[in-house]
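Peer 1: Quick one: the structure is below, questions incoming.
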Amino acid sequence: MMLPPTPRVQFLRGLIGDLRLVFPVGRVVVAVDGGLTGSPFADDLAAVFREAGADTFRASLGDFHHSRAYRTRQGPETAESYYREGYDYVTLRRVLLDPYRMGGSTGFQTAAFDEERDRPVQARWLTAGRDAVLVIDGEFALRPELREIWNASILLVNAPQDSVYLEDARPLENADILVDDSEPALPFRV
């Protein structure tokens, strides 16, 4: 299905063209660090990948949280403790990223935890062909232990960022692509 040729879609098509020059085949993981789970930018990026014929999957880091009990086991949650222990990156790798990268018929899961209900989600295993794209979004996507697992990373520079994260991860210095999406209809590279 062809998307309407709005300036936003045209911009995303150009972005995907650039990514496909570097990663034309295989399993590709693109991270969108926008401070939000369920980012409209990441959703639209995935839609444009689909329009281009790519087998495309969406995931959010927000679906890989630790439970509230785990996060507050040593006292009330602070910005520092949330940054350090808010997410379950071991599960993210075990059920999504590692099996996704293996290719073939290996199943992967795009969500493991429902933060709102504070409980694990029922496993829903997916598979994909040898060539596929995973677009994953969320806060802290460019933290040191994650940034090397993405094929490409996009930082939405207009999104609010936590000062602990900015100091530790330096996302502006480590993102592959910087995008200003403050006016959603007219995003542009910075």
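Peer 1: So, in the stretch 127-177, how many residues would count as being under 25 Å from Ala47 (Cβ atoms) and free of Cβ contacts under 8 Å to residues at least 24 places away in the same chain?
Peer 2: 1
Peer 1: In the stretch 145-155, is there at least one residue being modelled with pLDDT of 90 or more, in a loop (DSSP other than H, G, I, E, B) and more than 16 Å from Leu15 (Cβ to Cβ)?
Peer 2: Yes, the stretch 145-155 contains at least one residue that is modelled with pLDDT of 90 or more, in a loop (DSSP other than H, G, I, E, B) and more than 16 Å from Leu15 (Cβ to Cβ).
Peer 1: Suppose we filter the stretch 1-12 for residues that are hydrophobic (A, V, I, L, M, F, W, C) and either open to solvent by less than 60 Å² (accessible area, probe 1.4 Å) or in contact with a Leu (Cβ under 6 Å, 6 or more places away or on another chain) (or both); how many remain?
Peer 2: 4
Peer 1: May I ask you to list the residues in the stretch 13-30 that are in contact (Cβ under 8 Å) with a residue 40 or more places away in the chain, aliphatic (A, V, I, L, M) and open to solvent by less than 40 Å² (accessible area, probe 1.4 Å)?
Peer 2: Leu15, Leu19, Val28, Val29, Val30
Peer 1: Looking only at residues that are within 13 Å of Arg84 (Cβ to Cβ) and open to solvent by 20 Å² or more (accessible area, probe 1.4 Å) in the stretch 156-170, which one is modelled with the lowest pLDDT?
Peer 2: The residue in question is Asp162.
Peer 1: Can you tell me which of (1) closer than 20 Å to Leu186 by Cβ; (2) in a loop (DSSP other than H, G, I, E, B) is the one Asp18 doesn't meet?
Peer 2: Every listed condition holds for Asp18 apart from (2).
Peer 1: Just one of (1) at pLDDT 95 or above; (2) assigned to a helix (DSSP H, G or I); (3) farther than 30 Å from Pro5 by Cα trips up Ala111, so point out which.
Peer 2: So the condition that Ala111 fails would be (2).
Peer 1: Further, regarding this structure: Which of the residues spanning the stretch 81-112 are aliphatic (A, V, I, L, M), surrounded by fewer than 18 Cβ atoms within 10 Å (Cβ to Cβ) and farther than 24 Å from Asp162 by Cβ?
Peer 2: Listed by number, the list holds a single entry, Met102.
Peer 1: Being part of a loop (DSSP other than H, G, I, E, B), farther than 23 Å from Val22 by Cβ and open to solvent by 10 Å² or more (accessible area, probe 1.4 Å) is the filter here, so list the residues in the stretch 116-144 that pass it.
Peer 2: Within the stretch 116-144, Glu116, Arg117, Asp118, Val121, Gln122, Ala123, Arg124, Trp125, Thr127, Glu139 meet the criteria.
Peer 1: Just one of (1) in contact with a strand residue (DSSP E or B) (Cβ under 7 Å, 6 or more places away or on another chain); (2) open to solvent by 20 Å² or more (accessible area, probe 1.4 Å) trips up Glu148, so point out which.
Peer 2: Unmet for Glu148, out of (1) in contact with a strand residue (DSSP E or B) (Cβ under 7 Å, 6 or more places away or on another chain); (2) open to solvent by 20 Å² or more (accessible area, probe 1.4 Å): (1).
The values are calculated or read from the model by the stated rules, or taken from the named source; none is laboratory data. No experiment lies behind these values; they were computed from the predicted model shown. Every residue, glycine among them, receives a Cβ derived from its backbone with ideal geometry; neighbour counts consider all protein chains shown. Ligands, DNA and RNA are excluded from the accessible area calculation, which covers all protein heavy atoms including side chains. Shrake-Rupley method; radii C 1.70, N 1.55, O 1.52, S 1.80 Å.
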